Amino acid sequence: MSHIRVEPSMLTQTYKAPQQLVFDAWTKVEHLNQWMFPMPGCSCEFVSADIKTDGTSLHKMTMPNGNEMWLFTKYEEVSAPNTLVFFQYMSNPAGEILPNPHMPTWPKDMRATLTFEDMGDETALTFAWEPINPTEEEAATFESMREQNGWASGLQQLSVYLGTV
């Protein structure tokens, strides 16, 4: 099985908040529970969180219709307040990694690399999301969904949340 290199999907957002607060919003449960979901009406609950380099977390997102989605995250690098790198996987409530039930050909390993740039009263966030060692089929699935990057709506939820802090 051959693996190919795929360019990351890139998102950028500027927040009217200090760099440390934006970084904390990604690494502290009291913040994450307030915005880490794709749309209003959802909720987020972390059941475990060891958010540090080589740490892991497990959280549940509950959709407005009551459906639940469990996500297991492995943190590769947590360097406050500049860099956050993690892998996020679909899982069950026990944190066991599962294939994506909605897209069986979705890449198994997806890495998110976030950089936080201090701009005085604002923070510029750059978010790179990329499949690691995808098969040709996984790469094709990722490419077909590139413009529908689900993180874009999450970044909007973060913007709304930061406006309330």
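A few notes on this one:
- You will find that of 157, 148, the residue that is closer than 16 Å to residue 39 by Cα, free of Cβ contacts under 8 Å to residues at least 12 places away in the same chain and not hydroxyl-bearing (Ser, Thr, Tyr) is 148 and no other.
- Boolean, residue 65 is polar (S, T, N, Q), without any contact (Cβ under 8 Å) to a residue 60 or more places away in the chain and not in a helix (DSSP H, G or I): yes
- In summary, residue 54 fulfils each of the numbered conditions (1) at pLDDT below 95; (2) outside any helix (DSSP H, G or I) with the single exception of condition (1).
- Which numbered condition residue 94 misses (of (1) more than 22 Å from residue 40 (Cα to Cα); (2) in contact with a strand residue (DSSP E or B) (Cβ under 7 Å, 6 or more places away or on another chain)): (2)
- Subset of region 41-51 that is hydrophobic (A, V, I, L, M, F, W, C) and not in a strand (DSSP E or B) - its residue that is farthest from residue 94 (Cα to Cα): 42
- Region 14-28, residues that are surrounded by 17 or more Cβ atoms within 10 Å (Cβ to Cβ) and either over 11 Å from residue 165 (Cβ atoms) or of a type in the set (Lys, Arg) (or both): 19, 23, 26, 27
- Filter pass, residue 21 being out of contact with any Asp or Glu (no Cβ under 6 Å at 6 or more places or on another chain), free of Cβ contacts under 8 Å to residues at least 40 places away in the same chain and not aromatic (Phe, Trp, Tyr): no
- Only one entry of 138, 122, 76, 117 meets the criterion of being modelled with pLDDT under 95 and on the phi < 0 side of the Ramachandran plot, and that entry is 138.
- Condition met for residue 43 (polar (S, T, N, Q) and farther than 26 Å from residue 146 by Cα): no
- Selection of region 155-165 for residues being of a type outside the set (A, V, I, L, M), in a helix (DSSP H, G or I) and over 13 Å from the mean Cα position of the chain (by Cα) yields 159, 161.
- Put simply, of 48, 9 the only residue that is touching a Lys or Arg at 6+ places or on another chain (Cβ under 8 Å), over 16 Å from residue 164 (Cβ atoms) and not aromatic (Phe, Trp, Tyr) is 9.
The values are calculated or read from the model by the stated rules, or taken from the named source; none is laboratory data. Here the structure is a predicted model, which means the values were calculated and not measured. No Cβ is skipped: glycine too gets one built from the backbone with ideal geometry, and neighbour counts run over all protein chains shown.
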